[in-house]
Amino acid sequence: MTATVLTAHRVAKPWGRRQLGTGFPDCGPDQDPVGEIWFGTPGNFAPELLVKYIFTSERLSVQVHPGDAQAQAAGLPRGKDECWLILDAAPDSTIALGTTHPVERAALREAAIDGSIELLLDWKPVQAGDFFHVPSGTVHAIGAGITLIEVQQNSETTYRLYDYGRPRELHLDAGVAVADPVPYASPDAPGEVAPGRRLLVEGPTFMLERWTDARRRFALPAEATAWLIPIAGTGQVDGVAFAPGQCLSLAGTVDLRSDAGSDLLVAYAGDRRITLD
């Protein structure tokens with residue numbers, strides 16, 4: 001059995017914030033705003049999944065990610081499916097997911113060039129507790145005033161379609177080629193599969209479960225890794241203490257004990273559910 005507290009790595013972004021909330025220390029006035037906190041292990045190990053916190057003060061670019069087959073055709077190891085759990089949101093915060101109606105790819109490209117893509121996108125109001133599974137090919141943008149947890153395939157292949165006039169590179173040809181510019185429909189997941197155990201994402205690239213008041217023992221397949229993301233409450237896994245704002249990697253046979261009122265995310269690659277003892 002192995003439980004490891006992962007290292008939190010702050011990533012400065014122009015659209016980030018200095019006041020982070022959610023238990024993270026704020027940035028000093030002489031520090032760049034933090035847009036993301038990544039969790040990883042030292043060295044060159046590149047796991048299949050990546051866990052992040054994201055903090056926004058401005059809209060992020062309109063972007064799209066390739067799927068596995070599209071990424072591998074371009075010589076990349078994998079595509080990028082992702083999902084978001086909203087932890088906090090300003091009253092007027094929105095996220096763009098998909099388009100308001102089906103759009104031809106040529107028209108999507110033209111709209112990205114002239115800026116009218118903002119009007120094509122379906123901007124959805126969000127609040128704390130909202131959850132979105134965002135498959136590859138979904139045209140999307142995260143709005144301002146949002147704090148969220150992102151679980152994604154470990155790929156930073158992002159094709160930027162539009163950036164509100166900021167002087168950053170766009171990737172119109174590649175982005176339009178992999179985009180599926182249609183209205184967003186959340187992929188189905190069965191929801192509650194057992195008391196205190198809710199399945200949020202059911203494959204094919206990864207699984208994500210939400211556990212409350214967890215006291216569970218389970219065995220992961222050989223060579224497999226799971227990620228434990230505490231949202232609320234504290235506890236121990238294989239004798240290693242955890243608290244919100246951390247992320248732990250798990251392997252082998254796992255003994256998990258958390259306090260009453262705990263709220264945990266458990267992520268793992270593939271499309272097979274964890275079997276509990």
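The values are calculated or read from the model by the stated rules, or taken from the named source; none is laboratory data. Please read these numbers as outputs of a predicted model, since none were measured by experiment. Don't worry about glycine lacking a Cβ; one is built from the backbone with ideal geometry, like all the others, and counts go over all protein chains shown.
Please go through the range 67-104 and give me each residue that is surrounded by fewer than 16 Cβ atoms within 10 Å (Cβ to Cβ), of a type in the set (Gly, Ala, Ser) and closer than 16 Å to residue 141 by Cβ, ordered by number.
Passing the criteria: only 90.
What are the residues in the range 222-231 that are exposed (fewer than 14 other Cβ atoms within 10 Å of the Cβ) and either in contact (Cβ under 8 Å) with a residue 60 or more places away in the chain or on the phi < 0 side of the Ramachandran plot (or both), if any?
222
Could you list, in sequence order, all residues of the range 51-75 that are in contact (Cβ under 8 Å) with a residue 60 or more places away in the chain and more than 17 Å from residue 179 (Cβ to Cβ)?
Those that are in contact (Cβ under 8 Å) with a residue 60 or more places away in the chain and more than 17 Å from residue 179 (Cβ to Cβ): 51, 52, 53, 54, 55, 56, 57, 58, 59.
Modelled with pLDDT of 90 or more and either surrounded by fewer than 17 Cβ atoms within 10 Å (Cβ to Cβ) or charged (D, E, K, R) (or both): does that describe residue 253?
yes
How about the range 114-162: which strands (runs of 3 or more DSSP E) wholly inside it have at least 2 residues that are over 21 Å from residue 183 (Cα atoms)?
Answer list for the range 114-162: 146-153.
Show me the strands (runs of 3 or more DSSP E) found entirely inside the range 210-277 where at least 2 residues are of a type in the set (Val, Ile, Thr).
226-232, 253-258
For the range 142-171, give me each residue that is crowded, with 17+ Cβ neighbours inside 10 Å and hydroxyl-bearing (Ser, Thr, Tyr).
Residues satisfying the conditions are 147, 155, 157, 159, 162.
Residue 214: within 19 Å of residue 270 (Cα to Cα) and either without any contact (Cβ under 8 Å) to a residue 12 or more places away in the chain or in the same structural domain as residue 238 (by TED's automatic domain parsing) (or both), yes or no?
no
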